Amino acid sequence: MIGIGLALALASTSAHCDAAIPQITLRPLQQAPTIDGRIDDAEWAGAVRSVGLCSQYNVELCAREAILWVGADQQNLYIALKSELPPTGDLLTRGVPDGDRDIIAALSDDSVELVVHPHLGATTGDRRYFHLIVNARGAMFDRSFDEAKPNDAISTAWRLQGWQFANQLLDGSWHVEIAIPFAGIGATAEDLRHPWGLRVCRNWQREWDQSRWESIAAPYEDIPTMPRVEFDPAAPVVQVLSLHGEGKPRIELSISNPAAAPADLAVFISDTWSRNPPSEFTRTFPVLPGAQETVTFEPPHGGPEGAHHTIIRVTRPGVEFPLYLRDFTWRLERPVERWATTREDKQAVQLQYKVYPYYRKLKVRVGIEALASKDKVTGAEVSFARAGESKPIAHERLAFADYAVEIILDTPELTAGDYEVRVTLAGEGVPTEPVIGKYERKVFPWEHNRLGLSDRVIPPFTPIQVKGKVLSTVLREHELSGAGTWDQVTSLGKPLLKGPMLWRVQTGGEEALVAPGALKVESSRPSFAVTIGSFSAGSIKAKVRSEWEQDGMAKVRVTLDAAPGKQIDGLSLEIPLDGSQMPYIHACGDGLRFNLAGKTPEGDGLIWDSSKANRTNIVGTFYPYVWLGGGERGLAWFADSDKGWSLDDTTPTVQIERQGGVLLLRVNFITRSTSLDAPREIEFGLQATPAKPMPEDPVNWRRWIGQSYESPEVQPFSIIGASYYYGCMNFDFYPREHDLSIYEAFSKARDTGEYDEAFVTQWMEGYRRYGIEPGTDQWAFYNAHISAGMRSAAGTPRAQGWLWTPYTNARGMGYEMAEWPTFQDEWVNFPYHERSKSGGLAYDICPVTSFQDAAMWYYREMMQCFDGIYWDNIFMAANFDTVAGGAWVDEKGRTHPSMGLWAMRDLIKRTAVLFNEEGRPVFANVPHMTNTNIVPILSFANINLDWEWQYGKRDFQDRFTPDLTVAETIGRQCGNIPLILAGGFYDEKDPAWEWCMRTRLGVCLVHEIRVWDWHPASHYAMYEKLFDFGYGSPDCRVYNYWDEGFPLKVTGVDAKGIVMANGPRAIAIVTDYSEGGQCALELDLKALGLPPTVKAKDVESGEAVEGAGGRVSFPLKKHDFRALLFE
Amino acid sequence: MAIAWMGLPLTLALLPNVAAPQAPADPRADPYVADPTLRSLMDWVTLRLTFDADSMLPDMAAGAFEPTLHGTPQFAEGVKGRALVAGGESGGAFLARRLNAPLETRGAISLWLCPLEWTHVNGGNTEFLMTTNFSLYLQRQGPLHNEEGVVTRQEAVQFLMLSEVTGNNCLAFGTEDWPLGKWRLLVANWSWPVMSFSLDGGEFQSVSVKQSPTEANFGDLLVGSAGGEKTLMDELTIYRRPLTLDEARHLYDALKPPAEGQR
């Protein structure tokens, strides 16, 4: 059997495969060495010594040095091996000893490998020989071979017993001492009368080599090539002391004669450098008893390009077996890098970087925690240069703390091309080669465009007006104070506050008296205004700047002036809301499907604080969003991060207290004693709701229907729910390879209403370039999407007024996009990220400025066939980027993320403005905002898509409470049409399907929610009847149950209802939210202007319902709905 | 669900109840020795459990190697040699992390998995490797369905990092369509803040945590699990650097089972 590794090695055997095998003669040691792992030359003076072991690769002496001693006495064979350690000074020792079990892993460690054949030449009796591998921990693999059993020679069950093994790392070398008892290998006194076979090998790691005594690469079990060991009690002892000295060959031997009689010796040394003729040394001399002779030969050396072939032979006259014979090749010059540890060290340097073309910054982090030589590193230099150029365009010295350093460098404007980030460590014995990271700068036509940034008011917003202290935006008037807060805000004609907003300041452990300054209007344009307030509290002085936008969103920036030597202990904003108008709460952290939406908690005193809120990756006590209000009217407070704040780790950021009729919303910005040695800036936002009126153009929002309803009285819209439908490969801005022919084809289909099969076929051919072939799952996937995209285009004809909106992902991106290598660093939420060219991210992008610029550019291209933008994943997510993302690092080294709130808002706002700029005032811009009704983000869209959760077959009344629905889903706070996903139940044949859909319709009718997906025919029929009644027309008044004065009283069941009135007629719809029962309705006829003679009939069936005077009673099944027409 | 046979669940009955095999006669025939790429990769190993001796004792450990048993580990035929049964009534072992798993800096874990008793209906989580302070996991999240059959917890193999410092992040591959008896290779890399995850030598998925962890973010190691649906795990190996895609592919190619129908 030939081992695979050795079979490979044989192939590489070169010039000296015919070299003589080593032969040595051992004289019994007078005193056994102590097997303690410390090789003492004196202890091993009686053993034969050899210098160097031959690499398996070229059979030259391995560049890594080793010295071998072999000795014996009457009981043991002794072997010592001293071998060089890597610069790291350690060995690879992982193999774990496990009793007598053979540990193959020893071979993956630095190890010693032996083959001992004590029965060499035997033809009868014990003919076994033995193979063993051992690592520094003593983990061993061993086996025996039996020449007597050629067909069953190997026994892995054999275990060497009674051996001694000790090793230590000393003075840069691994010292190994071994004593193999003759008894353990079946050797008898008779066996000392014939030569043994003995292989000795050092298995090196990092990098791997097997170096052995002999100059022949042969299988270990190959008997003829085993070095030979003879035993002779009269033999002198030969030790090769060195092969070189002072940079030149110097072969030095020591020959000692411990015997009582003189020994005549012949020493022959031949050395051949490269192709030179051999240089030979011959000396014959006697060695007297107890004497030691030294022989030195200095052959010529021709330089590093040649190797030395050396033969050392020491013989005795008349004795055939030599005292010492070795025939080997070696090189005087050793390579500097003999170990892979140098390369490992380089790999162990962790270089992370981000390049920010928009910000002209380079962020670099260098970590050397995994570097073996980390304690030798004295510093580093980072440079940023064009690839192939040595002159850096930015560079800096780095000083490590705790084996890591991070720095942000300024860079010049980066022109197109390849760049490199290079880090070079400083220090003795550390990797000298720079660690290099690559960066590709492409320049795109969209960079720094102004699309969607024009200064215009887009309907239904109205120009901002400032009159005295009152700043008005659509539907709301804000009465401003000199302290930069609001004294009152009136929404839809009703005040929301019970009193003025107040700053609370603590200094010196006491509440400070806050004195407001004077209000100033810095600027006022129809779409943007800036107001300035100020306040002082003792030595604390603050300026409060509010930037107002047309949706009534005020971004407030509080600047606390520097007050050297002064401390501020607390700063809070208190907002005394009218509790009677705030029945609902919605609070959002960094995530979705876990946010609070529902009824404002009952009780007095502290009723809620942000420590109770869910969050994912927010650091500390910061919390970003709280809204309190009713079905429409309310107030949102929000912030993108706690940068500039000063928070302890316990006090909640947001607290809500009920004090009688006041619902006090308190926001804590400073909750610990904080020095004001430098100015401190705190930013947050305020926005009263509703942000705008519900859409009226081109028809009232109640007449917008998703998917396939076709009627001139409604606005149909359709969303294609993946970017694959329009040719993207991932979450991309544009179709495959930016081939916009698909837009043209879709546009044509929308004009003609015809499915363009030829185009689909042609487009599909393009996927072959990506290795996607017909018959594969991938082909079927893309074919299904492109075909469906084309069908959708043909099915949303412009002539019928369809609005057709494509899926995009505000938090996703495909790596194959041309922009990715250049802009990924600005866009990802991560502090650092991999630089991969395939794959993508679905949830971890933040649409920062450069993303928005690209988006606007490509959205404008989409407009040739689409009528809006759908954004998946509109929620707040922690962004840990400190350059583009707005994250910041606190004094404890914790990175506090931003939430992406402003970036999300800007993306949606710019898109709305872009459509207006492009003369497209009617659009369907759809943020998919499951459980995140964040008004400042959503206010510039016009359709909210909710409920991508709680899927299944359950009744919809069991999925979402009415309170959650009002607080989160109905869209009124933003002025957006409420849309939901279907609920994840699509099997029409399932017996439960029809009922489940009916419960959905009941919930949707009562809350005026639209469903994205296809509706059952009965649902369309219901809407047709409502539209026929006038629902959604100017004459039809709609009353929702969450509003004051709701003109329908429901008793007997826990049901929610809606009333619509048109002239002398009204429709009331109720849906059960509990267990059903006998439902009694009482319409407020007077309020509705209906005569007392109205009769009721079922809208669906047309059957009369018993009752009079607006009062009816009927059984209502659990979660069923009933619609009654009163006329 | 497991099918009963002779009074035993079939999958248990199929577990070979034989002694651990002896080491191969030629150590150089081992693919981790014979294959130059794998051999070089072994230089980077800090911990390795092949379970070939029906034992939780590591084959390789750069640090302390004495395991503390947790439950009664069961073993069965593996992708190579023997494997540990994770989940069910099996157990695992605690191992020291220091020097064995460079979790605080950079590294990788490779692990072969084979579904043994997966119902794809409802099942708990099966941890293959986790830290004892519940910060880092390589596990299968068992599926959960509600009474209507709707998935309320996706089944997936996951590479999770959960701590206050790093925040919580997760990489996952869905396992809904994993057939019983098929071996799959997971490779989980970390070079903080980036963590990445590969299945069967495929492209790495990546995410980043919010902040790099420190030594204090990790406890010791727990290999194997007494909970969740039974899964075979084999050739668990931890490295002191992330693996490249080529290396992950190579690991997969070296031991991947024959294609369907070729067994």
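For the residues A:905, A:894, the requirement of being closer than 23 Å to residue A:968 by Cα and either free of Cβ contacts under 8 Å to residues at least 12 places away in the same chain or not β-branched (Val, Ile, Thr) (or both) singles out A:905.
Here is the figure for the range A:1007-1021: residues that are in a helix (DSSP H, G or I) and either over 23 Å from residue A:718 (Cα atoms) or at pLDDT below 95 (or both) total 5. State whether the residues of the range B:161-173 include one that is under 25 Å from residue A:616 (Cβ atoms), open to solvent by less than 10 Å² (accessible area, probe 1.4 Å), within 11 Å of another protein chain (Cβ to nearest Cβ) and of a type outside the set (Gly, Ala, Ser). Yes, that holds for at least one residue. Restricting the range A:722-745 to residues that are buried (at least 20 other Cβ atoms within 10 Å of the Cβ) and of a type in the set (Gly, Ala, Ser), which is nearest to residue A:847 (Cα to Cα)? Residue satisfying both the conditions and the ranking: A:723.
Every residue, every condition in (1) out of contact with any Leu (no Cβ under 6 Å at 6 or more places or on another chain); (2) in the same structural domain as residue A:205 (by TED's automatic domain parsing); (3) modelled with pLDDT of 95 or more; (4) buried (at least 22 other Cβ atoms within 10 Å of the Cβ), yes or no:
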{"site": "A:336", "(1), (2), (3), (4)": "yes, no, no, no"}
{"site": "A:362", "(1), (2), (3), (4)": "no, no, yes, yes"}
{"site": "A:368", "(1), (2), (3), (4)": "yes, no, no, yes"}
{"site": "A:374", "(1), (2), (3), (4)": "yes, no, no, no"}
{"site": "A:380", "(1), (2), (3), (4)": "no, no, yes, yes"}
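So that you can scan it fast, the table gives a plain yes or no per residue for (1) of a type in the set (D, E, K, R); (2) at pLDDT below 95:
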position: A:964; (1), (2): no, no
position: A:972; (1), (2): yes, no
position: A:981; (1), (2): no, yes
position: A:984; (1), (2): no, yes
position: A:991; (1), (2): no, yes
position: A:1000; (1), (2): yes, no
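The listed residues are B:13, B:34, B:53, and the only one of them that is within 14 Å of chain A (Cβ to nearest Cβ), surrounded by fewer than 21 Cβ atoms within 10 Å (Cβ to Cβ) and either out of contact with any helix residue (DSSP H, G or I) (no Cβ under 9 Å at 6 or more places or on another chain) or modelled with pLDDT of 65 or more (or both) turns out to be B:34.
Looking at the range A:83-113 only, could you name the residues that are surrounded by 22 or more Cβ atoms within 10 Å (Cβ to Cβ), under 27 Å from residue A:40 (Cβ atoms) and of a type in the set (A, V, I, L, M, F, W, C)? The answer is A:92, A:106, A:112.
Filtered by the rule that a residue be more than 17 Å from residue A:736 (Cα to Cα) and open to solvent by 20 Å² or more (accessible area, probe 1.4 Å), the range A:837-859 gives A:842, A:843, A:844, A:849. Any chance the range B:130-150 includes a residue that's of a type in the set (A, V, I, L, M, F, W, C), open to solvent by 50 Å² or more (accessible area, probe 1.4 Å) and either away from every other protein chain (no Cβ under 12 Å) or not in a strand (DSSP E or B) (or both)? Looking for residues that are of a type in the set (A, V, I, L, M, F, W, C), open to solvent by 50 Å² or more (accessible area, probe 1.4 Å) and either away from every other protein chain (no Cβ under 12 Å) or not in a strand (DSSP E or B) (or both), one finds at least one in the range B:130-150, hence yes. So which residues in the range A:5-26 are at pLDDT 75 or above and either aliphatic (A, V, I, L, M) or open to solvent by less than 30 Å² (accessible area, probe 1.4 Å) (or both)? Result: A:19, A:20, A:21, A:22, A:24, A:25, A:26.
When residue A:387 is tested against (1) open to solvent by 10 Å² or more (accessible area, probe 1.4 Å); (2) modelled with pLDDT under 95; (3) small (Gly, Ala, Ser), only condition (2) is not met. Here's a check for you: in the range B:191-211, which residue that is assigned to a strand (DSSP E or B) and more than 7 Å from chain A (Cβ to nearest Cβ) is surrounded by the most Cβ atoms within 10 Å (Cβ to Cβ)? Ranking the qualifying residues of the range B:191-211, first place goes to B:198.
Selection of first residues in the range A:639-664 that are surrounded by fewer than 19 Cβ atoms within 10 Å (Cβ to Cβ) and of second residues that are among the acidic types (Asp, Glu), restricted to Cβ pairs under 6 Å at least 6 apart or on distinct chains, gives the following pairs, ordered by first then second residue: A:644/A:681. Taken over the range A:765-788, residues that are within 17 Å of residue A:723 (Cα to Cα) and loosely packed, with under 15 Cβ neighbours inside 10 Å amount to 4.
The criterion of being outside any strand (DSSP E or B) and either outside the structural domain of residue A:658 (by TED's automatic domain parsing) or small (Gly, Ala, Ser) (or both) does not hold for residue A:598.
It is to be established whether one or more residues within the range A:441-459 are outside any loop (DSSP other than H, G, I, E, B), among the hydrophobic types (A, V, I, L, M, F, W, C) and out of contact with any Lys or Arg (no Cβ under 9 Å at 6 or more places or on another chain). Taking every residue of the range A:441-459 in turn, none turns out to be outside any loop (DSSP other than H, G, I, E, B), among the hydrophobic types (A, V, I, L, M, F, W, C) and out of contact with any Lys or Arg (no Cβ under 9 Å at 6 or more places or on another chain). Of the residues making up the range A:872-894, those that are β-branched (Val, Ile, Thr) and either buried (at least 24 other Cβ atoms within 10 Å of the Cβ) or assigned by TED's automatic domain parsing to the domain that holds residue A:410 (or both) number 1.
Here is a yes/no grid of residues against (1) among the hydrophobic types (A, V, I, L, M, F, W, C); (2) within 14 Å of another protein chain (Cβ to nearest Cβ):
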{"residue": "A:802", "(1), (2)": "yes, no"}
{"residue": "A:806", "(1), (2)": "no, no"}
{"residue": "A:817", "(1), (2)": "yes, no"}
{"residue": "A:824", "(1), (2)": "no, yes"}
{"residue": "A:830", "(1), (2)": "yes, yes"}
{"residue": "A:836", "(1), (2)": "no, yes"}
{"residue": "A:839", "(1), (2)": "no, yes"}
{"residue": "A:844", "(1), (2)": "no, yes"}
{"residue": "A:848", "(1), (2)": "yes, no"}
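Of the helices (runs of 4 or more DSSP H) lying entirely inside the range A:753-857, those containing at least 3 residues that are more than 24 Å from the chain's Cα centre (by Cα) are A:757-765, A:777-794.
Here is the figure for the range A:1075-1127: residues that are free of Cβ contacts under 8 Å to residues at least 40 places away in the same chain and either of a type in the set (Gly, Ala, Ser) or not assigned by TED's automatic domain parsing to the domain that holds residue A:1051 (or both) total 11. Given the criterion within 14 Å of chain A (Cβ to nearest Cβ) and either surrounded by fewer than 22 Cβ atoms within 10 Å (Cβ to Cβ) or part of a loop (DSSP other than H, G, I, E, B) (or both), identify the matching residue among B:104, B:117. That would be B:104, the only listed residue that is within 14 Å of chain A (Cβ to nearest Cβ) and either surrounded by fewer than 22 Cβ atoms within 10 Å (Cβ to Cβ) or part of a loop (DSSP other than H, G, I, E, B) (or both).
Whether any residue in the range A:723-741 is outside any loop (DSSP other than H, G, I, E, B), at pLDDT 95 or above and aliphatic (A, V, I, L, M) is what I want to check. No - not one qualifying residue is present in the range A:723-741.
Being within 8 Å of another protein chain (Cβ to nearest Cβ), open to solvent by 10 Å² or more (accessible area, probe 1.4 Å) and at pLDDT 95 or above narrows it down to one of B:29, B:62, so name that one. Criteria check complete, one pass: B:62. Residue A:1049 falls short on exactly one of the conditions (1) surrounded by 14 or more Cβ atoms within 10 Å (Cβ to Cβ); (2) part of a strand (DSSP E or B), and that condition is (1).
Note on the range A:311-418: enclosed strands (runs of 3 or more DSSP E) holding 3 or more residues that are more than 30 Å from residue A:265 (Cβ to Cβ) and among the charged types (D, E, K, R) are A:361-367.
Of the strands (runs of 3 or more DSSP E) lying entirely inside the range A:24-123, the ones with 3 or more residues being within 14 Å of chain B (Cβ to nearest Cβ) are found at A:111-117.
The values are calculated or read from the model by the stated rules, or taken from the named source; none is laboratory data. These figures come from a predicted structure and were not determined experimentally. A quick note on method: Cβ atoms are made from the backbone with ideal geometry, for glycine too, and the neighbour counts reach across all protein chains shown. For accessibility, only protein heavy atoms count, side chains too; no ligands or nucleic acids. Shrake-Rupley method; radii C 1.70, N 1.55, O 1.52, S 1.80 Å.
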